Amino acid sequence: NVLSAHAPADDLSMWSALASQDVLERLGTQMHGLTQEGAAQRLREYGLNRVANGHHEGVLVELARRSVNPLNLLLISLATVSAVLGDVRAAVLIAVMVVLSVVLGFLQEHRSNRAAEALRRMVHTTATVKRVASDGAEASQEIPIEQLVPGDIVQ
């Protein structure tokens, strides 16, 4: 995040109130963009511009999370009451319904998460930035979005 390197998140409204030239000065850039060397230095300093991926849960944690919901808890309590009252057949039927519901929901969610992750790996997002070559020539350049750095002028 370009701004987080220079200001806390609650100061974002302050950035929008600044004049363009003030923003450029605070980010140490110019309207024609960063130099290749300056961008490389900032990339080393700040690292890649990546969105933090969520923590991937293990299969057991995912199953447990999927199992604990109000409807399942109600059905499990009904199965328990049925078993205590001697209606074992109803208790088993309700328990089987809960297990099937959890397993089928888990399989669908797990497959869709894997498909979404595969799509994310296939899509390569780029941005067009203004950069100044070592000879001083200004040029627009398409770069992977991970290589955006604070001070880049994005078109």
So which residues in the range 36-86 are without any contact (Cβ under 8 Å) to a residue 40 or more places away in the chain, surrounded by 15 or more Cβ atoms within 10 Å (Cβ to Cβ) and either in contact with a strand residue (DSSP E or B) (Cβ under 6 Å, 6 or more places away or on another chain) or among the hydroxyl-bearing types (Ser, Thr, Tyr) (or both)?
67, 82
The range 1-19 - residue that is in a helix (DSSP H, G or I) and either in contact with a Cys (Cβ under 7 Å, 6 or more places away or on another chain) or open to solvent by less than 90 Å² (accessible area, probe 1.4 Å) (or both) and, of those, modelled with the lowest pLDDT:
9
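Do the conditions hold for residue 140, that is, is it within 30 Å of residue 31 (Cα to Cα), of a type outside the set (Lys, Arg), outside any helix (DSSP H, G or I) and out of contact with any Lys or Arg (no Cβ under 7 Å at 6 or more places or on another chain)?
In short, no.
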Hey, among the residues in the range 105-142 that are open to solvent by less than 60 Å² (accessible area, probe 1.4 Å) and acidic (Asp, Glu), which one's farthest from residue 58 (Cα to Cα)?
117
Could you figure out which of (1) exposed (fewer than 14 other Cβ atoms within 10 Å of the Cβ); (2) in a helix (DSSP H, G or I); (3) in contact (Cβ under 8 Å) with a residue 40 or more places away in the chain isn't true of residue 25?
(3)
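The values are calculated or read from the model by the stated rules, or taken from the named source; none is laboratory data. The model shown is predicted, which means the values in this text are computed figures rather than measured ones. We place every Cβ from the backbone using ideal geometry, glycine too, and count neighbours over all the protein chains shown. For the accessible areas, the whole protein counts, side chains as well, though only heavy atoms, and no ligand, DNA or RNA atoms are used. Shrake-Rupley method; radii C 1.70, N 1.55, O 1.52, S 1.80 Å.
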